[in-house]
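Everything below concerns the one structure shown next.
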Amino acid sequence: MKPIYFGLLLAFSGIIISFLIKDWDFIYIISGTVSLLAIILAGLSIGALADGERSRVKHQSENETDRKRQLSSTTKILLVGLPNILIAAFAYVLLKVFS
């Protein structure tokens, strides 16, 4: 649950910064950037962005504990990005479509 709370903290800090500078477009810029970085870091962490040969060699050299640790860290990174994706999408729809 801590990664989700950290993601919410980042999302709400973007909302507060947008309120302070009075630029509401900044909400989905901050949240979108955080969520994009989380997706890229999760892809790098799990090895999804590597080519097939590198993935195969890495998979053969790892043991089960390393794979579980890697999956756990990737899940935590994605959980940080999840609230930011939702806030960015909600803010974009609210600010761009309905205004």
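The values are calculated or read from the model by the stated rules, or taken from the named source; none is laboratory data. As the structure is a computational prediction, the values presented were derived from the model and not from experiment. Here the Cβ positions follow ideal geometry from the backbone for every residue, glycine too, while neighbour counts run over all protein chains shown. SASA here: full protein model, heavy atoms, side chains in, ligands and nucleic acids out. Shrake-Rupley method; radii C 1.70, N 1.55, O 1.52, S 1.80 Å.
Key figures for this structure:
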quantity: Fluctuation leader among SER73, SER18, SER61 - the chain, Gaussian network, Cα springs under 10 angstrom; calculated: SER61
quantity: Kyte-Doolittle mean at least 1.6, axial Cα span of 24 Å or more - DSSP H helices of the chain; calculated: 2-21, 25-46
quantity: Carbon/sulfur fraction of accessible area - the chain, other protein chains in place, 1.4 Å, %; calculated: 72 percent
quantity: Accessible-area order (highest first, 1.4 angstrom probe) of the listed residues TYR92, TYR28; calculated: TYR92, TYR28
quantity: Total lysine pairs whose alpha carbons fall under 19 Å of each other in the chain (8 or more apart, or interchain); calculated: 5
quantity: Check: segment 17-99 dipole with +1 on Lys, Arg Cβ and -1 on Asp, Glu Cβ, in debye; calculated: 120 debye
quantity: Among THR75, THR65, THR33: highest mean-square fluctuation, GNM of the chain, C-alpha pairs under 10 Å; calculated: THR65
quantity: Identified option (computed mean projected area of the Cα convex hull in nm²; candidates (i) 8.6; (ii) 7.4; (iii) 11.1); calculated: (ii)
quantity: Residues of the chain: accessible area per residue with a 1.4 Å probe, Å²; calculated: 71 Å²
quantity: For PHE6, solvent-accessible area (1.4 Å; no DNA, RNA or ligand), Å²; calculated: 100 Å²
quantity: Approximate spin-label separation LEU8-ASP66, in nm, with each point projected 7 Å along Cα-to-Cβ; calculated: 3.6 nm
quantity: Average projected area [Cα convex hull, segment 57-99], square nanometres; calculated: 4.0 nm²
